Structure formats: C-alpha cells, structure tokens
Amino acid sequence: MTLKPADTAFRTRLSEHLPEDVFREADARYLDEPRGRYAGQEALLALPRTVDEVATLIRHAGQARVGVVPYGGGTGLVGGQIASDGPAPLILSLERMNKVRAVYTDENVLIAEAGVILADVQQAAEEADRLFPLSLAAQGTARIGGNLATNAGGTGVLRYGNARDLCLGLEAVMPDGQIWNGLTRLRKNNTGYDLRHLLIGAEGTLGVITAAALRLFPRPARSGTALLVVNDPAAALDLLSLARTQLGETISAFELIHRQGFDFLSETFPDVRHPFETPPEWCVLIEIGVSGTGDPDQSLEVLFATAHEAGLVSDGLIAQSAQQAADFWHVREMIPQANRRIGSVSSHDISVPISAIPNFITKGGETLAGLGDFRINCFGHVGDGNLHYNVFPTPGKSRDDYENLRPAIKRAVHDLVHEMGGSISAEHGIGRLKVDDLEHYGDPAKLSAMRAIKAALDPAGIMNPGAVLRAG
C-alpha cells in the first residue's frame, strides 16, 4: 500500500484533535544520526504528552496512510530513527512523556514513561535504594522506550540480561491506534501470546511503546573494579571461566579492550587519563558486586593471583576508590566516542559463541588483511559474546578514501560471523542499515513469520517503514 506524505492537509486535520503545541519544526536534531550514514528528510514532528495523544496521532496516520517514525533519544546506530527516503513521515518523539509514574520498592518494580532518559531511570532506582542495571555509553541521552524498542544490551548483560529481561509489562499504542494497557507488574502471566516480547526489539515497526514496568534489583552492598592485562583473547576467556568459578554470579561486567582503543583515545581525547603508562595489547575490565560482608577487592586480588600463577594475566590494577573505578569505566565509555572522531570505514556489532571469539578475532584480521591496510578496534562485552569489531583507515587517511571497499569489508566480516553461528546484530538492532544483511543471512522461515506478523498488525505499513523489514 502506497504511503502518503505528512503534508499541510494532514497537519491541519491533526490540529483539529490535538493542541497546537504538540507540533514543532523538525530541526537537525531529529534528522541526523550519530554515525552520519543517514540524513532525514523534511517531516512533521509531533511531541505528545500522553498516551491518548499518541493514539490520536497513530490513528490518524493510519487513516491517512502516513508513515510514522518513532523517536527516542536519537542514539541508535543503525538508522532506525531516520527516514531518509519515501514520502515525508510523521516523526513521533516521546521526549515529553518523561515521568516516572511509580516505584514499588517491595516489588522491585519501577513504572516509567517511554521518554524517561535511561540515566534518570537509574537515578530513580538509586533513590529507592535499588538498582536498574541497564548501562550503556549513551545512557545520558538514550530514552527507555528506545532502549526497549531495540532490546538494548550494554555492559551488564552478563549478570542481568538485555533490556528484554528487565521488563515485566508495557503500555503501547498499536498500529490501528488502540492502546494496549499491558503495564503488568507480574512475574508470572501465562495468558496467551506475549505482546511485550513482540514489541521489545521490534524497533517501532509493530507499535509505539509509551511506558514500561521495569525490574529493579537490590543494590550490591559493595562493588569492585579491576583492569587486568591478558596475553590474548583466548586468555581472556580462560580468565572469564576462572572468574565464574571463583566469583559466581557476582560478576556484573567483563569487557575486552584492545590497545587500538587506547591509541584512538590518545589521538582524539588527549586529556583522558589512561590507567596504564604503556597501553597493553589486550586487557579486561571486570566489575563485581557483592552482598553482605563480602570483600570484592579481596576477591579480585585472589582472582589476579590465581590467574597470574596460571599465566593468564601479566599485570593489573584494582580500583582503590569509587573515583578510580569511575575513571576505569570512563576510559571504556570514551572508546566509542573516540571511534566516531576517527571515523570508521565499517562498524560491526556482532556476536559469536563465546568460545569462538579468539578464532573470530584471528580470522577476521587475516581476512581483512587480504582486502587492504586498516586499523581494527575490537572491543566489547566478551562475557556475553558481543564484540564491536570496527575497521578504520590508516593514519593520514579518512573513511571516504575507503568507501569503495566498505561493502566488501562488511560482507567479509558478516560472512565469518555467519559461518561461526553468530549474529550480524548483537545489540544495536537492524534499523535501515542492516535490512539487506537480514535478508541475506536471516533464516527464511523466521523472515516469513516476521513479514506475516508485520502484515497482520500493520497492514498499511505505517510503522517505521523501511526499518527491519523492507517497505513493501
């Protein structure tokens, strides 16, 4: 079904049902994305304050066959929030729906509207002496609705799971304008198809999340953070296995960092203080949280001693204060920003079975060496198999110099991932960037089922057209 533009006539019809201040000019903030791969076109921007206003917008968009692009914090890295072609869409920003509606401390549940910034959800949980463990570099601007729509991952997946695992219920507006009041706080609710899990990770293609019931956790009584120098990625995996044996479920993060990340920081953010005088080739950032009277620093010291004796680590730093721990994490969180300043030729958010990580890193380097001379920054959440495997120009060149090689680089990396039983999108989603990749590598039965679900729930194809599935 052909979509129509969000033109002046459409705006006039909406104005008959909504306050005029719901609408605003769509400036550059809503038309750009962090990596600069997509640029949005002219669009009608709406900023509703209530779920009823969202429902009105969606209902009229459906009747007029106008495409709707849901917008959270704009931090997505696969173009899911940017419509660069097709008829002018309605951009639906949830930023005004930014209230924490309730906190149920005894139930470990927090109800937040979709426009609440992730860091504010974390702060509200902390004020209730609880923890909301979803944590990622963009948490100061990313909004919880977008986090759920993309099933965000981050650094705490090893212990707490993805965004999907942190959500008990949703309030959402479906493509026909109906409001689904699914804000249940129940842990057990076996009443048919689970629309919550259908909408989480759907990237706004099946409806608009307007609020969520989020799981909270007790705050660890004490935490410990360490940077441990490992010989290679294989040693990092052996260290992870040893840490799990010694520390069990107290491990909340286990991040692999390559020397290239430190070099990029020196090149782009010279004021960032490095933890090591000489950057190691490979190191691991590990964080643990314990309850009761446990001593996390002592546990990390024992882990280091055992790992050193086994030949897995050669050096290490255990944070001696909360500030030093924050400094360690600041370095890790600045690496993606340094990457963006360098400008990648091709970036890859991939996952492989954890045991395959060392082989993937070795084979990936060998494969790309056959295509040209590049710098590779490989880092990420090795505890859950998710690597950010990004390819950069050599010094003195820009990514524009390699643009003709970009398709071959991406195909080579994704072919290797697929060969190893991995995923070409671990935590960033499909968006518009990876639609071709999903069609190429996706299971045919799954793709057929996805298209059937999309056709059933959104027959007019108005919800984020062109994202995840190719627009019909």
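Residues in the stretch 290-311 that are touching a helix residue (DSSP H, G or I) at 6+ places or on another chain (Cβ under 9 Å) and either aromatic (Phe, Trp, Tyr) or modelled with pLDDT of 95 or more (or both): 296, 299, 300, 302, 303, 306, 307, 310, 311. Kindly evaluate residue 469 against the criterion of being within 17 Å of residue 203 (Cβ to Cβ) and part of a loop (DSSP other than H, G, I, E, B). Here the answer is yes, as residue 469 does meet what is asked. When residue 177 is tested against the conditions (1) touching a helix residue (DSSP H, G or I) at 6+ places or on another chain (Cβ under 8 Å); (2) surrounded by 19 or more Cβ atoms within 10 Å (Cβ to Cβ), the lone failure is (2). From (1) open to solvent by 10 Å² or more (accessible area, probe 1.4 Å); (2) touching a strand residue (DSSP E or B) at 6+ places or on another chain (Cβ under 7 Å), pick out the condition that doesn't hold for residue 241. Result: residue 241 fails condition (2) only. For the stretch 75-104, taking the residues that are in a loop (DSSP other than H, G, I, E, B) and closer than 17 Å to residue 48 by Cβ, the one that is farthest from the chain's Cα centre (by Cα) is identified as 89. For the stretch 61-75, residues that are farther than 15 Å from residue 95 by Cα and either open to solvent by 10 Å² or more (accessible area, probe 1.4 Å) or out of contact with any strand residue (DSSP E or B) (no Cβ under 6 Å at 6 or more places or on another chain) (or both) total 5. Note on the stretch 20-60: residues that are open to solvent by less than 70 Å² (accessible area, probe 1.4 Å), modelled with pLDDT of 95 or more and part of a loop (DSSP other than H, G, I, E, B) total 3. Is it the case that some residue within the stretch 393-407 is surrounded by fewer than 23 Cβ atoms within 10 Å (Cβ to Cβ) and under 21 Å from the mean Cα position of the chain (by Cα)? No; the residues of the stretch 393-407 include none that is surrounded by fewer than 23 Cβ atoms within 10 Å (Cβ to Cβ) and under 21 Å from the mean Cα position of the chain (by Cα).
Looking at (1) within 27 Å of residue 404 (Cα to Cα); (2) in contact with a Phe, Trp or Tyr (Cβ under 6 Å, 6 or more places away or on another chain), find the lone condition where residue 286 falls short. The one condition residue 286 does not meet is (1). The condition of being touching a helix residue (DSSP H, G or I) at 6+ places or on another chain (Cβ under 9 Å) and touching a residue at least 24 places away in the same chain (Cβ under 8 Å) holds for only one of 55, 9, 46, 26, that being 46. The residues of the stretch 111-124 that are within 20 Å of the chain's Cα centre (by Cα) and hydrophobic (A, V, I, L, M, F, W, C), listed by number, are 112, 114, 116, 117, 118, 119, 121. I'd like to know if the stretch 102-112 contains one or more residues that are open to solvent by less than 50 Å² (accessible area, probe 1.4 Å) and at pLDDT below 95. No, that holds for no residue. The set of residues in the stretch 41-63 that are out of contact with any Asp or Glu (no Cβ under 9 Å at 6 or more places or on another chain) and not charged (D, E, K, R) comprises 43, 48, 50, 54, 55, 56, 57, 60, 61, 63. Taken over the stretch 117-138, the criterion of being at pLDDT 95 or above, assigned to a loop (DSSP other than H, G, I, E, B) and open to solvent by 40 Å² or more (accessible area, probe 1.4 Å) is satisfied by 129 alone. Exactly one residue out of 364, 385, 380 is surrounded by 15 or more Cβ atoms within 10 Å (Cβ to Cβ) and in contact with a Cys (Cβ under 8 Å, 6 or more places away or on another chain), and it is 364. Within the stretch 139-154, at least one residue is in contact with a strand residue (DSSP E or B) (Cβ under 7 Å, 6 or more places away or on another chain), crowded, with 18+ Cβ neighbours inside 10 Å and assigned to a strand (DSSP E or B).
Check 252, 223 and return the single one that is polar (S, T, N, Q), open to solvent by 20 Å² or more (accessible area, probe 1.4 Å) and either part of a strand (DSSP E or B) or in contact with a Ser or Thr (Cβ under 8 Å, 6 or more places away or on another chain) (or both). Spell out how you get there, then give the answer.
Values: 252 fails: open to solvent by 20 Å² or more (accessible area, probe 1.4 Å).
It is 223.
Residue 263 passes every criterion in (1) under 27 Å from residue 365 (Cα atoms); (2) open to solvent by less than 30 Å² (accessible area, probe 1.4 Å) apart from (2).
Total residues in the stretch 105-116 satisfying the condition of being of a type outside the set (Val, Ile, Thr) and assigned to a loop (DSSP other than H, G, I, E, B): the figure is 3.
Condition check ((1) in contact with a Lys or Arg (Cβ under 8 Å, 6 or more places away or on another chain); (2) not aliphatic (A, V, I, L, M)) across all residues:
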residue	(1), (2)
218	yes, yes
226	no, no
229	no, no
238	no, yes
253	yes, no
256	no, no
261	no, yes
302	no, no
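I'd like the full set of residues that are in contact (Cβ under 8 Å) with a residue 40 or more places away in the chain and over 15 Å from residue 285 (Cα atoms), limited to the stretch 300-338. Selection gives 302, 306, 310, 311, 336, 337, 338.
The values are calculated or read from the model by the stated rules, or taken from the named source; none is laboratory data. This structure is a prediction, so every number in the text was calculated from the model and none was measured. Heads up, the Cβs are rebuilt from the backbone with ideal geometry, glycines too, and the neighbour counts pull from every protein chain shown. Each accessible area value is taken on the protein alone, full model and side chains, heavy atoms only, with ligands, DNA and RNA left out. Shrake-Rupley method; radii C 1.70, N 1.55, O 1.52, S 1.80 Å.
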